[in-house]
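Since the structure comes first, as structure tokens, the remarks are kept for the end.
The values are calculated or read from the model by the stated rules, or taken from the named source; none is laboratory data. Please read these numbers as outputs of a predicted model, since none were measured by experiment. Neighbour counts are summed over all protein chains in view; Cβ atoms, including those assigned to glycine, are modelled from backbone coordinates with ideal geometry.
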Amino acid sequence: MRVYVPLTLPGLAEAYRTGVLGTGSFVAYAVTPDLRQWCGSEDLEELEYAALGQAALASLRLLAADESAAPRRVVVAADVPDRAVAPGPYRDEEPAELGEVMVTAEVPLAKAAAVHADAEDAEPDVAAAAAALAEADAGDDHDLAAVETADRHELLWYATQEIPSLLRRP
């Protein structure tokens, strides 16, 4: 199963240093029945793009929690065995986040298919979105607009061999 793991640049650096994308049980995003229903589509490419978008939002949440991280969303696409993926947490009988799953096994970085990350020119919008996220979650329209502005930046695609050069960028 293809999963999308939200990270920050420091998180990606740690995964590169250790060779492990995640251990134990960690959150990722994937094409789930709930995501299929929400999208109303069976187009796998469209569904995977939606899962990537959910992971990008989760990466933004990580950035909001770590002001020292460079303001670039990072998502790693990895292939894991189906048996290593469990449904994500539920709240009040509803999924906590569309497409959210728990990966229940260690995932070597070598299983990564690609890395998706913001370009340098997205940093001001991503920083503003991270700062506005709590108020946006509370329903503030102005802050929601900041989050949507960051979301308009397409994440760039990087081959896993490009991780060292991605990490060296300012």
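Identify, by number, the condition in (1) over 22 Å from Asp79 (Cα atoms); (2) in contact with a strand residue (DSSP E or B) (Cβ under 9 Å, 6 or more places away or on another chain); (3) of a type in the set (Asp, Glu) that Asp151 doesn't meet.
(2)
Okay, residues lined up against (1) in a helix (DSSP H, G or I); (2) farther than 20 Å from Ala122 by Cα; (3) among the hydrophobic types (A, V, I, L, M, F, W, C):
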site	(1), (2), (3)
Glu46	yes, yes, no
Tyr49	yes, no, no
Ala55	yes, no, yes
Ala58	yes, no, yes
Ser68	no, no, no
Val76	no, no, yes
Arg83	yes, yes, no
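Does any residue of segment 21-33 turn out to be in a helix (DSSP H, G or I) and crowded, with 19+ Cβ neighbours inside 10 Å?
Of segment 21-33, the ones in a helix (DSSP H, G or I) are 33.
From what is left, the residues that are crowded, with 19+ Cβ neighbours inside 10 Å are none.
No: zero hits.
Could we say that Glu42 is of a type outside the set (Gly, Ala, Ser) and either crowded, with 19+ Cβ neighbours inside 10 Å or at pLDDT below 90 (or both) here? Explain how you work it out, then say what you get.
Numbers: of a type outside the set (Gly, Ala, Ser): yes; either crowded, with 19+ Cβ neighbours inside 10 Å or at pLDDT below 90 (or both): yes.
When the stated conditions are applied, Glu42 passes them.
May I ask you to verify whether Asp125 is farther than 22 Å from Leu21 by Cβ, buried (at least 19 other Cβ atoms within 10 Å of the Cβ) and of a type in the set (D, E, K, R)? Steps first, please.
Working: farther than 22 Å from Leu21 by Cβ: yes; buried (at least 19 other Cβ atoms within 10 Å of the Cβ): yes; of a type in the set (D, E, K, R): yes.
Yes; evaluated as a whole, the condition is true for this residue.
Go through segment 132-170 and report how many residues are over 15 Å from His116 (Cβ atoms), under 18 Å from the mean Cα position of the chain (by Cα), hydrophobic (A, V, I, L, M, F, W, C) and surrounded by fewer than 16 Cβ atoms within 10 Å (Cβ to Cβ).
1
Quick check: is even one residue across segment 22-40 in contact (Cβ under 8 Å) with a residue 24 or more places away in the chain, out of contact with any Gly (no Cβ under 9 Å at 6 or more places or on another chain) and under 22 Å from Val126 (Cα atoms)? Talk me through it step by step, then tell me what you get.
Here is the first cut: in segment 22-40, the ones in contact (Cβ under 8 Å) with a residue 24 or more places away in the chain are 22-32, 34-35, 38.
Narrowing further to those that are out of contact with any Gly (no Cβ under 9 Å at 6 or more places or on another chain): 22-26.
From what is left, the residues that are under 22 Å from Val126 (Cα atoms) are none.
No, the conditions are met nowhere in segment 22-40.
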